[in-house]
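See below for the structure under consideration.
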Amino acid sequence: MNGIESGSMIDGFIESEVAAGPRSLSEVQQGVMKRAEETQQQIADLFSVQIDVVSKAEEWKEGLSYDPSIQIDAIAESDSAAGMHNLQTRVTTLDTGALETDRDEDYWKRVETHEGVHETQHVAVAQGAVVDGEEDILLPLVEWHAITESGQPDSDLTPEYVSHRQKGDEIAGLIGADTIKTALREGNILGLQEKIAIARLREQLGLPADQEFVIAA
Ligand SMILES: [Zn+2]
């Protein structure tokens, strides 16, 4: 049996492992190893042929460098997402594509890094208040932050996420990238909305960035 067939067999084991619902990476790895051992034994018993599926599965397992507690689920189908972080449950999920034998490793590491930005830096944001009626900035900015920190090129992104990235770049041009990142970490979205509103007003009025002015209540 050649390597390509062993590889697609491993992809089948991965699919079977997550078919019943989300599992941690280490659970999927253990399950795939068990299936590989059983399959190798069955084929040896039935056909008296030795195949190398166990060593291929070991090679696959060693090649995965994600956090072992990360959750694996078929979210590309259900949510059209490669990765997700739930700020309420604090669970990060990667699509099963992250484990496939012919995966693009750099792409999936960027997805993992992106979700890690949400996980470590947007906790306060999830609890923060937002002013209704103001420009919708929260989703574009948290996505812009995760996209820029993980170095995802537009080719990694859906059109919706490209527009989040563009909006974030535009706002960063107005008030500075560090101002946005600090406000997201602190969960101070009200302050951020105010800064953006003032910067937009300043732009409309043609006032230089260093000229002070006060908005009368
Ligand atoms: Zn995101």
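The values are calculated or read from the model by the stated rules, or taken from the named source; none is laboratory data. On a predicted model such as this, the values are computed, not experimentally measured, just so you know. Methodologically, a virtual Cβ is constructed for each residue, glycine included, from the backbone with ideal geometry; neighbour enumeration extends over all protein chains shown.
Looking at Q41, Q50, Q88, just one residue is within 16 Å of the ligand (Cβ to nearest atom) and more than 23 Å from G151 (Cα to Cα), and that residue is Q88.
Here is a yes/no grid of residues against (1) crowded, with 20+ Cβ neighbours inside 10 Å; (2) over 13 Å from the mean Cα position of the chain (by Cα); (3) under 29 Å from D11 (Cβ atoms):
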| residue | (1), (2), (3) |
| --- | --- |
| T101 | no, yes, yes |
| A126 | no, yes, no |
| P140 | yes, yes, no |
| G173 | no, yes, no |
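Determine whether segment 70-77 contains at least one residue that is away from the ligand (no atom under 16 Å from the Cβ) and modelled with pLDDT under 95. Among the residues of segment 70-77, at least one is away from the ligand (no atom under 16 Å from the Cβ) and modelled with pLDDT under 95, which makes the answer yes.
Residues that are crowded, with 18+ Cβ neighbours inside 10 Å and under 18 Å from R103 (Cβ atoms) within segment 37-61 comprise K56, A57, W60, K61, listed in sequence order. Please state which one of H122, H118, H114 is over 12 Å from the mean Cα position of the chain (by Cα), surrounded by 19 or more Cβ atoms within 10 Å (Cβ to Cβ) and within 11 Å of the ligand (Cβ to nearest atom). The unique qualifying residue is H122.
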